[in-house]
1. Name the residue, out of Glu43, Glu34, that is part of a helix (DSSP H, G or I), touching a Pro at 6+ places or on another chain (Cβ under 8 Å) and at pLDDT 95 or above.
2. Answer yes or no: is there a residue in region 170-183 that is at negative phi, aromatic (Phe, Trp, Tyr), assigned to a loop (DSSP other than H, G, I, E, B) and touching a residue at least 24 places away in the same chain (Cβ under 8 Å).
3. If you go through region 41-64, how many residues are loosely packed, with under 14 Cβ neighbours inside 10 Å and either under 18 Å from Val103 (Cα atoms) or within 18 Å of the chain's Cα centre (by Cα) (or both)?
4. Here are some conditions: (1) without any contact (Cβ under 8 Å) to a residue 12 or more places away in the chain; (2) surrounded by 18 or more Cβ atoms within 10 Å (Cβ to Cβ). Gly119 meets all but one. Which one does it not meet?
5. Go through region 137-180 and count every residue that is of a type in the set (Val, Ile, Thr), surrounded by 15 or more Cβ atoms within 10 Å (Cβ to Cβ) and out of contact with any strand residue (DSSP E or B) (no Cβ under 8 Å at 6 or more places or on another chain).
6. Condition first: of a type outside the set (A, V, I, L, M), surrounded by fewer than 19 Cβ atoms within 10 Å (Cβ to Cβ) and assigned to a strand (DSSP E or B). Can you find one or more residues in region 9-17 that meet it?
7. Within the set of pairs 6+ apart or on separate chains, which have a first residue in region 142-157 that is of a type in the set (Ser, Thr, Tyr), a second that is assigned to a helix (DSSP H, G or I), and C-beta atoms under 9 Å apart?
8. Go through the residues of region 105-115 one by one and say whether even a single one is in a loop (DSSP other than H, G, I, E, B) and at pLDDT below 95.
Amino acid sequence: MSTESVHYSLHDGIATIRIDDGKRNALAPSVLREIYAALDRAEADDAVVILTGRKDVFSAGFDLNVMKRGGTQALAMLRSGYALTARVLAFPRPVVAACNGHVMAMGVFLMLSADHVVGSRGDFKVSANEVALGLTMPRVAAAMLQHRLDPAAYQRAVTLSEFFDVDSALEAGFFDELVDTDKLQARAVELAGQYQQLPARAHKDSKRRIRARLIRKIRRSIPLDLVDAVLLALRGGKPR
């Protein structure tokens, strides 16, 4: 299964979902719909998932062109993106994120919803840069960062929009491990094969048990974050 920007392949019970728009892998409404469809396909296939991007970039986050236009399409994109974190957090089989390079904003939050995150060595940056753009960090985004990062890095990531290089990102908790770029896919497949051996019911029930509070928090926070987006738009996109 391949669509314009999201490619799905299944081999030996491992589903690879590759985001590739030929550019920065912006999470536009159409791309988000394609990711949801690929996850539905993987669940129907009872597959362990590898979620990955394209050369040198996992995802730069939401499509800024859609954000600038505003209106219902922008709000729908935000709702879909934020809810995608809960979808991946609760996915019934293990999810491995293979980060190909740069990852920003909503791309970070999607990556952190996986069960295991492998990063690529190289001159890449990781950042939740909302504050640097003049935005108050969304509640969903803050919850995803807190879910993975050590406390000091979490504070810097949220309040200072710190740009982490790959080594400091590993130390902070964005990644579980780093590998050379040319070994990223092979390592992701190796991990997926290992996790495939886990009893599926025990894995699903355990991850949902320990993440239940986080998933509820995300779902409660989405409407509040959308209200914030509407208020910002009413102010002409200018933060108070």
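1. Just one listed residue meets the conditions, Glu43.
2. Initial filter on region 170-183 (at negative phi): 170-172, 174-183.
Retained after the next criterion (residues that are aromatic (Phe, Trp, Tyr)): 174-175.
Applying the additional criterion that residues be assigned to a loop (DSSP other than H, G, I, E, B) yields 174-175.
Pick out the ones that are also touching a residue at least 24 places away in the same chain (Cβ under 8 Å) and you get 174-175.
For region 170-183, residues at negative phi, aromatic (Phe, Trp, Tyr), assigned to a loop (DSSP other than H, G, I, E, B) and touching a residue at least 24 places away in the same chain (Cβ under 8 Å): present.
3. Restricting attention to region 41-64, the residues satisfying the condition of being loosely packed, with under 14 Cβ neighbours inside 10 Å are 44, 46, 55.
Going one step further and asking which of them are either under 18 Å from Val103 (Cα atoms) or within 18 Å of the chain's Cα centre (by Cα) (or both), we end up with 55.
Total meeting the criteria: 1.
4. With (1) without any contact (Cβ under 8 Å) to a residue 12 or more places away in the chain; (2) surrounded by 18 or more Cβ atoms within 10 Å (Cβ to Cβ) applied to Gly119, the lone miss is (1).
5. Within region 137-180, the first condition is being of a type in the set (Val, Ile, Thr), and the residues that meet it are 140, 158-159, 166, 179.
Applying the additional criterion that residues be surrounded by 15 or more Cβ atoms within 10 Å (Cβ to Cβ) yields 140, 158, 166, 179.
Then drop every residue that is not out of contact with any strand residue (DSSP E or B) (no Cβ under 8 Å at 6 or more places or on another chain), which leaves 140, 158.
Counting residues in region 137-180 that are of a type in the set (Val, Ile, Thr), surrounded by 15 or more Cβ atoms within 10 Å (Cβ to Cβ) and out of contact with any strand residue (DSSP E or B) (no Cβ under 8 Å at 6 or more places or on another chain) gives 2.
6. Filtering region 9-17 for residues of a type outside the set (A, V, I, L, M) gives 9, 11-13, 16.
Next, only the ones that are surrounded by fewer than 19 Cβ atoms within 10 Å (Cβ to Cβ) stay: 9, 11-13.
If we keep only those that are assigned to a strand (DSSP E or B) too, we end up with 9, 11.
Yes, region 9-17 contains at least one residue that is of a type outside the set (A, V, I, L, M), surrounded by fewer than 19 Cβ atoms within 10 Å (Cβ to Cβ) and assigned to a strand (DSSP E or B).
7. Tyr154/Ala142; Tyr154/Leu145; Tyr154/Gln146; Tyr154/Arg148; Tyr154/Ala172
8. Keep residues of region 105-115 that are in a loop (DSSP other than H, G, I, E, B), which gives 113-115.
Okay, now just the ones that are also at pLDDT below 95, so none.
No - not one qualifying residue is present in region 105-115.
The values are calculated or read from the model by the stated rules, or taken from the named source; none is laboratory data. Computed from a predicted model, the values in this text were never measured in an experiment. Here the Cβ is made from the backbone with ideal geometry for all residues, glycine too, and neighbour counts use every protein chain on show.
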